[in-house]
Amino acid sequence: MDAAELLTRYEQMAVIRRTERAAHDLFLSGLVKGTTHLAAGHEAIAVGASAALRDDDYVFATYRGHHHAMARGATPEECLAELMSRATGLCGGKGGSMHLTKASTGMLGSYAIVGAHLPMAVGAAWSARMRGTGQLAVAFFGDGATNIGAFHEALNLAAVWKLPVLFVCENNLYMEYTPIADVTAVARPAADRASAYGLPGETVDGNDVVAVRDAVARLARRARAGDGPALLEAETYRHFGHSRADPAAYRPAEEVERWLKHDPLDLARGRLVELGVAEERVSEADARARDVVARAVEAAKAAPAPDPGTALTDVWADGGAAWRT
Ligand SMILES: Cc1ncc(C[n+]2csc(CCOP(=O)(O)OP(=O)(O)O)c2C)c(N)n1
Ligand SMILES: [Mg+2]
């Protein structure tokens, strides 16, 4: 990745990080309706993967999906307004944090049921194959999803049919409060299962945007060429608790400290310096990110609530990017 692209990716990650912090503060102010699962710390996975995808590829995310929505074209304002149940939100204020969806850009949804979207991604890949479009489907999911039946069913069918789908596990070491290592017999909960289904299983530093981009680009090329699906386990760490006001007190201080030192933004900044980018350019990117998110917060706060008359609209899809009302 050259310096210009890396600076763009850095700025995207900075926007996501600041949006997540804003979501946290808005939640504590009582302005966010429902719960939130913040992805601060996971930015490089969404931004790195998206950098390797085509604009018409399909992405499926979990309830921890703000970063994927933004990496696939949703604005901070659309996301924050959705969290605050405003009419200008990504889903008209009716979906909330756990259901961010932007079908027009291939962001085919955030799913609250752990593992439920993996078979859906397989279906999207099957559809792409039947239509001969060359599109890819990517399912992002947590380490906990690897112990759910749907994960195993999806991997098996995708491999048997050699579908153009990538499974990307965001292994942040924890499910809600339980360490994945306490309930899984293998060391790498996703990658170590891949060979059982005949898929390549790789791991990558999920906090390194360049490494994620390179790994996804390679596996995507393979899948598009008809060589079948692949599984990528991206190692990362969440900065906040699992959801809402969880202070994540169950995590050892030494572990938290070690991971905070391995921050995706710091790593990208280090790479930028190595590529000879002046610190001033990076600070300018930070300043732009700060302004974009500050404006988004104000706009979302000022936006109206949805009209109650729209309660029964936009709840039924016709199979395309348009919603039936
Ligand atoms: C089928 C199902 N079981 C349980 C839950 C409750 N639940 C929500 S998030 C979560 C933890 C999932 O952890 P992981 O897959 O590692 O994702 P992370 O939250 O760490 O991103 C659980 C158990 C659920 N939503 N769906
Ligand atoms: Mg997890």
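The values are calculated or read from the model by the stated rules, or taken from the named source; none is laboratory data. In this text, all values refer to a predicted model and were calculated from it rather than measured experimentally. Cβ coordinates were reconstructed from backbone atoms using ideal geometry, including for glycine residues, and neighbour counts include every protein chain displayed.
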Discussion item. When you scan region 208-230, do you find a residue that is closer than 30 Å to Glu257 by Cβ, within 16 Å of ligand 2 (Cβ to nearest atom) and at pLDDT 95 or above, even just one?
Written reply: no
Discussion item. Against the condition without any contact (Cβ under 8 Å) to a residue 40 or more places away in the chain and either more than 27 Å from Ala40 (Cβ to Cβ) or basic (Lys, Arg) (or both), how does Glu153 come out, does it pass?
Written reply: yes
Discussion item. One residue is enough: does region 129-142 have a residue meeting the conditions in contact with a Gly (Cβ under 9 Å, 6 or more places away or on another chain), within 8 Å of ligand 1 (Cβ to nearest atom) and polar (S, T, N, Q)?
Written reply: no
Fill in: Subset of region 231-240 [within 12 Å of ligand 2 (Cβ to nearest atom), within 26 Å of Thr35 (Cα to Cα) and not β-branched (Val, Ile, Thr)]
Ala234, Glu235, Tyr237, Arg238
Worksheet item: Scanning for something modelled with pLDDT of 95 or more and in contact with a strand residue (DSSP E or B) (Cβ under 9 Å, 6 or more places away or on another chain), does region 256-279 turn up at least one residue?
Response: yes
Worksheet item: Among the residues of region 172-194, is any in contact (Cβ under 8 Å) with a residue 12 or more places away in the chain, within 18 Å of Ala52 (Cβ to Cβ) and part of a helix (DSSP H, G or I)?
Response: no
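If I filter region 71-115 down to residues being of a type in the set (Ser, Thr, Tyr), in contact (Cβ under 8 Å) with a residue 40 or more places away in the chain and away from ligand 2 (no atom under 16 Å from the Cβ), which single residue comes out as surrounded by the most Cβ atoms within 10 Å (Cβ to Cβ)?
Within region 71-115, the match that is surrounded by the most Cβ atoms within 10 Å (Cβ to Cβ) is Ser97.
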Worksheet item: Can you tell me which residues in region 195-248 are assigned to a loop (DSSP other than H, G, I, E, B), under 25 Å from Glu11 (Cβ atoms) and in contact with a strand residue (DSSP E or B) (Cβ under 7 Å, 6 or more places away or on another chain)?
Response: Gly206, Thr236
Discussion item. Let me confirm something: among Gly95, Gly65, Gly109, which residue is at pLDDT below 95 and within 16 Å of ligand 1 (Cβ to nearest atom)?
Written reply: Gly95
Response to the item:
By residue number, the members of region 119-150 that are free of Cβ contacts under 8 Å to residues at least 60 places away in the same chain and in contact with a Lys or Arg (Cβ under 7 Å, 6 or more places away or on another chain) are Thr146
Response to the item:
Output for Cβ contacts, cut-off 6 Å, separation at least six or different chains, first residue farther than 26 Å from Leu6 by Cα and touching a residue at least 40 places away in the same chain (Cβ under 8 Å) in region 286-310, second of a type in the set (Val, Ile, Thr) and surrounded by 17 or more Cβ atoms within 10 Å (Cβ to Cβ), reads Ala303/Thr88
Practice prompt. Please work out which residue is surrounded by the most Cβ atoms within 10 Å (Cβ to Cβ), limiting yourself to region 232-269 and to residues that are over 30 Å from Asp192 (Cβ atoms) and not aliphatic (A, V, I, L, M).
Written response: Arg269
Response to the item:
Within region 1-35, residues under 18 Å from Ala69 (Cα atoms), surrounded by fewer than 23 Cβ atoms within 10 Å (Cβ to Cβ) and of a type in the set (Ser, Thr, Tyr) come out as Thr8, Thr35
Item to complete: Select from region 262-318 the residues that are of a type in the set (D, E, K, R) and in a loop (DSSP other than H, G, I, E, B) and list them in ascending order.
Response: Asp263, Asp307, Asp314, Asp318
Worksheet entry | Criterion (under 30 Å from Ala159 (Cα atoms) and small (Gly, Ala, Ser)) met by exactly one of Ala249, Ala268, Ala225 | Ala225
Worksheet item: Can you pull out the residues in region 1-19 that are more than 19 Å from Cys79 (Cβ to Cβ) and among the acidic types (Asp, Glu)?
Response: Asp2, Glu5
Worksheet item: Any idea which of Ala145, Ala158 is outside any loop (DSSP other than H, G, I, E, B), among the aliphatic types (A, V, I, L, M) and within 11 Å of ligand 1 (Cβ to nearest atom)?
Response: Ala145
Item to complete: Run down Leu155, Leu118, Leu136 and say which single residue is touching a strand residue (DSSP E or B) at 6+ places or on another chain (Cβ under 8 Å) and within 16 Å of ligand 2 (Cβ to nearest atom).
Response: Leu118
